[in-house]
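What follows is a single structure, written as structure tokens, with notes after it.
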Amino acid sequence: MCRSGLAELKYLPGVVRESVLRLVRPGNLRLILVTGLAIGVGIGAVEAFWQPALAALLPDPSAATTFAVAVGGFLFIYLCLELRAPLSQTLLHSASPTGRRASILSTYSMSTSTGAVIASVGLGAVVDRIGVTAVWLCAAAVVAGASVAYLRLTPTLGRPDDRGASAVEPAVSR
């Protein structure tokens, strides 16, 4: 059984290549990937930079109300960023060919992780100069800008075939 599993690994580079090619082609999958990357930037900015913002509040004893507001705001940001997850997952399922859904969902997950790394490294390089508030505003602008991609999605009237074609969105030939 182990040998058959290892034998299947020879297909891995082709499956990854095909999944990435599907996601970079014009169409719904690419738009959803862009939103995933942007959500990753938003989540990465919150996770990487909440500590300095909270540390600034703690030395001041009068900040204990402020502390509750900060925690509430933190939870609200996560709620807002994650509300789109069911929508994104549903859209990915409907736009993905049956045999490639797991690969495409993994690629989407990697896009959000990439966005988080971009936020941590890119915004981390400038946080000392512009401050945490400005970093969070930049990340919010990225998320808001990418959310426009949801408005550009085209409806699909059926399940895509192995090439990604559906009744509305034709497959792009290679």
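The values are calculated or read from the model by the stated rules, or taken from the named source; none is laboratory data. Not measured: the values here are computed from a predicted model. When we count neighbours, we look across all protein chains shown, and the Cβ atoms used for this are built from the backbone with ideal geometry, even at glycine.
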Worksheet entry | Residue under evaluation G131, criteria (1) surrounded by 14 or more Cβ atoms within 10 Å (Cβ to Cβ); (2) under 29 Å from L153 (Cα atoms); (3) modelled with pLDDT of 85 or more, criterion not met | (2)
Practice prompt. Starting from residues that are out of contact with any helix residue (DSSP H, G or I) (no Cβ under 9 Å at 6 or more places or on another chain), in a helix (DSSP H, G or I) and without any contact (Cβ under 8 Å) to a residue 12 or more places away in the chain, keep the ones in region 73-101 and report whichever is surrounded by the most Cβ atoms within 10 Å (Cβ to Cβ).
Written response: G73
Item to complete: Scan region 111-126 residue by residue and report those that are surrounded by fewer than 18 Cβ atoms within 10 Å (Cβ to Cβ) and either at pLDDT below 90 or in a loop (DSSP other than H, G, I, E, B) (or both).
Response: G124, A125, V126
Item to complete: Answer with yes or no whether E47 is among the acidic types (D, E), surrounded by 12 or more Cβ atoms within 10 Å (Cβ to Cβ) and either part of a helix (DSSP H, G or I) or modelled with pLDDT under 85 (or both).
Response: yes
Worksheet item: Restricting the first residue to region 24-50 and requiring it to be farther than 13 Å from S96 by Cβ and among the acidic types (D, E), which pairs with a second residue that is crowded, with 20+ Cβ neighbours inside 10 Å and at pLDDT 90 or above meet a Cβ separation below 9 Å and a spacing of at least six or different chains?
Response: E47/A116; E47/A119
Worksheet item: Does S96 qualify as being within 26 Å of E47 (Cβ to Cβ), out of contact with any Lys or Arg (no Cβ under 6 Å at 6 or more places or on another chain) and not aliphatic (A, V, I, L, M)?
Response: no
